[in-house]
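Chemist: Take a look at this one; I'll ask things after.
The values are calculated or read from the model by the stated rules, or taken from the named source; none is laboratory data. Quick caveat, the model's predicted, so the values are computed rather than measured. For neighbour counting, all protein chains shown are included, and Cβ atoms are generated from backbone atoms with ideal geometry for every residue, glycine included. The area values use the complete protein model at the heavy-atom level, side chains included, leaving out ligands, DNA and RNA. Shrake-Rupley method; radii C 1.70, N 1.55, O 1.52, S 1.80 Å.
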Amino acid sequence: MNMKDMNYEGEKLILAIIMQAVEDAGYDGINKKFLKVKQDAIDWIVGKDPQFVDYCKMLGMSPDGVRDRIIKNVNMKYTKQQKVMKKDMNARI
């Protein structure tokens, strides 16, 4: 494997990580484990996490531009059921 192939493979991995975070942020079920993953993904994308910023830059993309497109196109809101589950999860902490 040459350096160009390694760079391509690395870019594919970074893109897959960002895509998984987008999918997690849009989760609409009520599984407690996945609700925690949803919150972590939203925080990672919207909270300007340094890793998210670095990954976008490694792909040659503007972190703010990527973030804005995700926010515009992905429904990251919590459903009524999710809000109840989240409230119950927070009450147990």
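Chemist: Output the number of the condition that Lys80 fails; it satisfies all remaining conditions of (1) under 12 Å from the mean Cα position of the chain (by Cα); (2) modelled with pLDDT under 95.
Modeler: Failing condition for Lys80: (1).
Chemist: Scan the stretch 38-46 and tell me whether some residue there is at pLDDT below 95 and closer than 27 Å to Tyr8 by Cα.
Modeler: Taking every residue of the stretch 38-46 in turn, none turns out to be at pLDDT below 95 and closer than 27 Å to Tyr8 by Cα.
Chemist: Here is a further query. Just wondering, is there one or more residues in the stretch 56-73 that are in contact with a Pro (Cβ under 7 Å, 6 or more places away or on another chain) and either within 19 Å of Asp28 (Cα to Cα) or open to solvent by less than 80 Å² (accessible area, probe 1.4 Å) (or both)?
Modeler: yes
Chemist: Here is a follow-up. Restricting attention to the stretch 1-27, which residues are at pLDDT 95 or above and outside any helix (DSSP H, G or I)?
Modeler: Gly26, Tyr27
Chemist: Output the number of the condition that Gln51 fails; it satisfies all remaining conditions of (1) closer than 19 Å to Met76 by Cβ; (2) open to solvent by less than 40 Å² (accessible area, probe 1.4 Å); (3) in a helix (DSSP H, G or I); (4) of a type outside the set (Ser, Thr, Tyr).
Modeler: Failing condition for Gln51: (2).
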